[in-house]
Amino acid sequence: MTTVLPFSSRTPSARLRLVMAVAGVALVSACTGGTGMGNMDWDLRTNGGGTADEARQATAARPVPDANGVLSYPGYQLVQARRGDTVASVAGRLGVNPSELARANALEVTDPLREGELLLLPSRVSAAPQPVAGATGTGPVDITAVATGALDRVEVTPLPAAPGGGKEPARHVVKRGETAFTIARAYNVSAKSLAEWNGLSADMAIREGQTLIIPVATAPAPNPEPVPAAPGSGSATPPPPSAAKPLPDEKTQPAAEKTKETPPSPDMSKERTSATKLAMPVSGSIIRGYDKKKNQGIDISAAAGTAVKAADAGTVAAITKDTDQVQIVVIRHANNLLTVYAGVDGLKVKKGDSVSRGQTIGAVRGGANPFLHFEVRKGVDSLDPMPFLQ
């Protein structure tokens, strides 16, 4: 039986908040009808949720590599993979050790690479010679360029400047449980910019140990929220009532006398509202409650194989997995309400299916202490599931 790593043992940033971000990619793509990166709602603003563009820093254009696909910065170098490349073919082209290149990027030597993918170089390589203006293939050899290339192979200082004379991008090594969206938010840059700079695929997939470069900001993030004025400022203080002036005469009516014309009481039932009530997704006891910072849902203990049911009618918006291969199902309900079910096996639904309240969508995954993690979200904000279940 497979042992599942409990959510409570992960770091706060690695819990279901990051899983929801991954599910959000598929969810947004499903809602917008897009099949590629160009159609995604990168800031998760579908139906009014998420963060607006104004809350992210503007970033520079993606840096352009040299003829060998190498991006050189003072502190490190990266290489951009070509179509059909493997780790071994890139290492052979640049003259670096294949095993060291693979180890630096959490890959195997024989792993195929996606066109445009960036790899961190374990050691510096010489930059590709730049063409000389007006030179032809039959002209004299540029002795200066040849000498410079030879020196690059044995000398690492002085280090080359960043491409275009810009600022050197920060590096981020992907940790277990992180996603492209959580990393972009941590550095206050857009997920689209992060994907473009690192040549990520349409599903924004990243791997543990991968090195990402963070887009360089060209301006600080603006503050879209107006600064509230100090209490009492901007308005005149009304004069207090004077005790010297007597109050006007008031005609009172004895309490025993009924008012001649009593207006009819309004029918408040027409304006009554009620919160959406959800059904328990699985039969079991709650072993861990909701905490906005530490656990953005509840954990329900249940025997492996126990049926997991949809909390309400809706549409399956996303089916994905986290870095521990724990399966997650996201269902969209009315009023932009989402329910998230993590740790589900034996799926009986697929993305795009309509489900009814109480319909079985799968079963609790096996493990040493099997449980279902259940979340309720409004847009991308987590809510305490208990008021919805009681």
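Once you list every other residue whose beta carbon is under 15 Å from the beta carbon of Pro169, what net charge do they have if Lys and Arg are +1 and Asp and Glu are -1?
Values: positive: Arg62, Lys167, Arg171; negative: Glu168, Glu196.
Local net charge: +1.
With the simple model of a label 7 Å out from the Cα in the direction of the Cβ, Ser354 to Ala67 spans 6.1 nm.
Mind giving me the FRET efficiency for Lys277 and Ala58? R0 is 41 Å, r the Cβ-Cβ distance, nearest 0.05 is fine. Don't skip to the end; give the middle numbers.
Numbers: r = 44 Å, r/R0 = 1.07.
E between Lys277 and Ala58, to the nearest 0.05, is 0.40.
A simple spin-label model places the labels of Glu100 and Gln325 3.3 nm from each other, with each point 7 Å out along Cα-to-Cβ. Past 22 Å, Cα to Cα, is the threshold; run Lys277/Lys350; Lys167/Lys192; Lys321/Lys351 against it and keep the listed order. Lys277/Lys350, as the Cα separations exceed 22 Å there. Taking packing as the residue-averaged number of other Cβ atoms within 10 angstrom, the listed peptides 183-194, 359-370 run from highest to lowest as 183-194, 359-370. Diagonalising the gyration tensor over the Cα atoms of segment 285-389 and scaling each eigenvalue by 5 before taking the square root yields semi-axes of 18, 18, 13 Å, largest first.
Quick one: if the Förster radius is 30 Å, what FRET efficiency do Ser301 and Ala205 give, using the C-beta to C-beta distance and rounding to 0.05? Let's see the in-between values first.
Details: r = 32 Å, r/R0 = 1.06.
It comes to 0.40.
Coordinate-derived values only; no laboratory data. Note that this is a predicted model, so its numbers are computed, not measured. Quick reminder, even Gly has a Cβ in these numbers, built from the backbone with ideal geometry, and neighbours come from all protein chains shown.
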